[in-house]
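Here the structure comes first, spelled out in structure tokens, and everything after it is commentary.
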Amino acid sequence: MTQEPCQCPDCQRFYREHDRLIREFPTLRQQQELNWAALQSFRTLSGRVLEDLQKQQSLHSNEEIAEVSPGESSVADASDLLQQTIADLENINAHLFSVEALMERVFDVKVPEEVEKKFRELAGELAPDPLNVDRLRLNRLLHQTPDLPDRS
């Protein structure tokens with residue numbers, strides 16, 4: 001029993017972006033640079049948000065009274081949420097540092113121009129022009145085997 005690809009907006013946006021990135025960056029070197037830039041932008045933005053939230057937490061903790069009265073539970077809830085968010089972002093940043101260390105190994109790989117040509121050739125097969133009639137046939141072939149097993 002074949003399963004159609006998911007048609008939800010998130011999946012459709014993913015498929016379009018996936019294919020666009022293959023079409024626009026069809027070589028190993030371009031994919032390496034693209035992934036490095038994406039990782040660095042993620043680290044930069046995530047780190048900056050973390051710094052701002054930590055400053056916000058520091059300001060709030062200096063302004064808070066030692067005991068929270070029963071009517072101020074929403075203030076305590078907001079403080080707990082902020083603390084949890086900071087902890088989550090710290091974890092994300094730690095993981096991003098690990099990914100960066102792994103990505104540095106990816107940059108050690110260099111391939112000859114013939115292999116880069118093979119990357120370009122296969123990129124055209126994997127992500128053809130979305131306006132091409134063959135695109136519908138390719139999508140059907142790629143999605144005959146579902147990515148995830150049916151849970152029903």
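Where the second residue is part of a helix (DSSP H, G or I) and of a type in the set (A, V, I, L, M, F, W, C) and the first is closer than 20 Å to Arg48 by Cα and lies in segment 75-90, which pairs have Cβ atoms under 6 Å and are six or more apart or on separate chains?
Short answer, once both residue conditions are applied: Ile86/Leu53; Leu89/Leu50.
Conditions (1) more than 30 Å from Glu114 (Cα to Cα); (2) of a type in the set (A, V, I, L, M, F, W, C); (3) outside any loop (DSSP other than H, G, I, E, B); (4) modelled with pLDDT under 95, marked per residue:
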| position | (1), (2), (3), (4) |
| --- | --- |
| Met1 | yes, yes, no, yes |
| Asp10 | yes, no, yes, yes |
| Arg20 | no, no, yes, yes |
| Arg48 | yes, no, yes, no |
| Glu51 | yes, no, yes, no |
| Glu67 | yes, no, no, yes |
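Does Leu96 qualify as being closer than 30 Å to Gln30 by Cβ, at pLDDT 90 or above and outside any loop (DSSP other than H, G, I, E, B)?
Values: closer than 30 Å to Gln30 by Cβ: yes; at pLDDT 90 or above: yes; outside any loop (DSSP other than H, G, I, E, B): yes.
Yes: the conditions hold for Leu96.
So Lys118 fits all but one of (1) within 16 Å of the chain's Cα centre (by Cα); (2) within 30 Å of Asp129 (Cα to Cα); (3) at pLDDT 90 or above; (4) among the basic types (Lys, Arg); what number is the exception?
Among (1) within 16 Å of the chain's Cα centre (by Cα); (2) within 30 Å of Asp129 (Cα to Cα); (3) at pLDDT 90 or above; (4) among the basic types (Lys, Arg), the lone unmet condition for Lys118 is (1).
In segment 76-103, which residues are polar (S, T, N, Q) and closer than 16 Å to Ser61 by Cα?
Kept after step one, since they are polar (S, T, N, Q), are these residues of segment 76-103: 79, 83-85, 91, 93, 98.
Passing the criteria: Ser79, Gln83, Gln84, Thr85.
Would you mind telling me which numbered condition in (1) modelled with pLDDT under 90; (2) exposed (fewer than 14 other Cβ atoms within 10 Å of the Cβ); (3) more than 30 Å from Lys118 (Cα to Cα) Val75 fails?
The number of the failed condition is (2).
The values are calculated or read from the model by the stated rules, or taken from the named source; none is laboratory data. All of these numbers come straight from a predicted model, not from anything done at the bench. Glycine gets a Cβ as well: all are built from the backbone with ideal geometry, and neighbour counts include every protein chain shown.
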